[in-house]
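The values are calculated or read from the model by the stated rules, or taken from the named source; none is laboratory data. Please read all numbers here as calculations on a predicted model, not as lab measurements. Heads up, the Cβs are rebuilt from the backbone with ideal geometry, glycines too, and the neighbour counts pull from every protein chain shown.
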Amino acid sequence: MNWEPWSGCYPVSDGCTNCYFYGPYGKRQGQNTAEKTTEFQKPLTKTAKGEYRIPGGKIVATCFASDFFIPEADAWRAEAWRMIRQRPDLDFLILTKRIDRFPVSLPADWGDGYDNVNIGISDGKKRF
């Protein structure tokens, strides 16, 4: 299951060289401005029966058409964190090449993290 609250990205590190979004085989070449999408509220949308459209227990690939920590999304990120908190029954997978923006992008109640958020780093730097 994917959730694209915003879309658009641009190269920021060596890790971008092979990015499926913007790399040599990317289908979105040139889409380098971040825009809020129509599915921004997706984790909270419900069916006519009042059930979440994304059922609990799912892994939600988040911002795979962008970077969750892209500066252009700063105005929307707090609301995205709020939705993530409201759905502790989902596991949100966030991959980033902008880990340097991680500390300035966290919600005030982050503490030791949220149990339903997994962050992966792919910035092209080796960490051993």
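Of A48, A61, A65, all but one fail to be in a loop (DSSP other than H, G, I, E, B), touching a residue at least 24 places away in the same chain (Cβ under 8 Å) and of a type in the set (G, A, S); the exception is A65.
Return yes when I54 is in contact with a Lys or Arg (Cβ under 8 Å, 6 or more places away or on another chain), more than 25 Å from I99 (Cα to Cα) and crowded, with 18+ Cβ neighbours inside 10 Å and no when it is not. Taking the combined requirement at face value, the residue satisfies it.
Taken over segment 62-76, the criterion of being of a type in the set (F, W, Y) and surrounded by fewer than 21 Cβ atoms within 10 Å (Cβ to Cβ) is satisfied by F64, W76. With respect to being surrounded by 17 or more Cβ atoms within 10 Å (Cβ to Cβ), outside any loop (DSSP other than H, G, I, E, B) and out of contact with any Gly (no Cβ under 9 Å at 6 or more places or on another chain), A80 fits the description.
Scanning segment 27-51 for residues that are of a type in the set (S, T, N, Q) and modelled with pLDDT of 95 or more, we see that the one that is nearest to I99 (Cα to Cα) is Q41.
Out of all the residues in segment 102-117, is one or more at pLDDT 95 or above, among the acidic types (D, E) and assigned to a loop (DSSP other than H, G, I, E, B)? Checking segment 102-117: at least one residue is at pLDDT 95 or above, among the acidic types (D, E) and assigned to a loop (DSSP other than H, G, I, E, B).
The set of residues in segment 118-128 being at pLDDT 95 or above and of a type in the set (F, W, Y) is empty. Would you be able to say whether some residue in segment 12-25 is touching a Pro at 6+ places or on another chain (Cβ under 9 Å) and modelled with pLDDT of 95 or more? No, every residue in segment 12-25 fails to be touching a Pro at 6+ places or on another chain (Cβ under 9 Å) and modelled with pLDDT of 95 or more.
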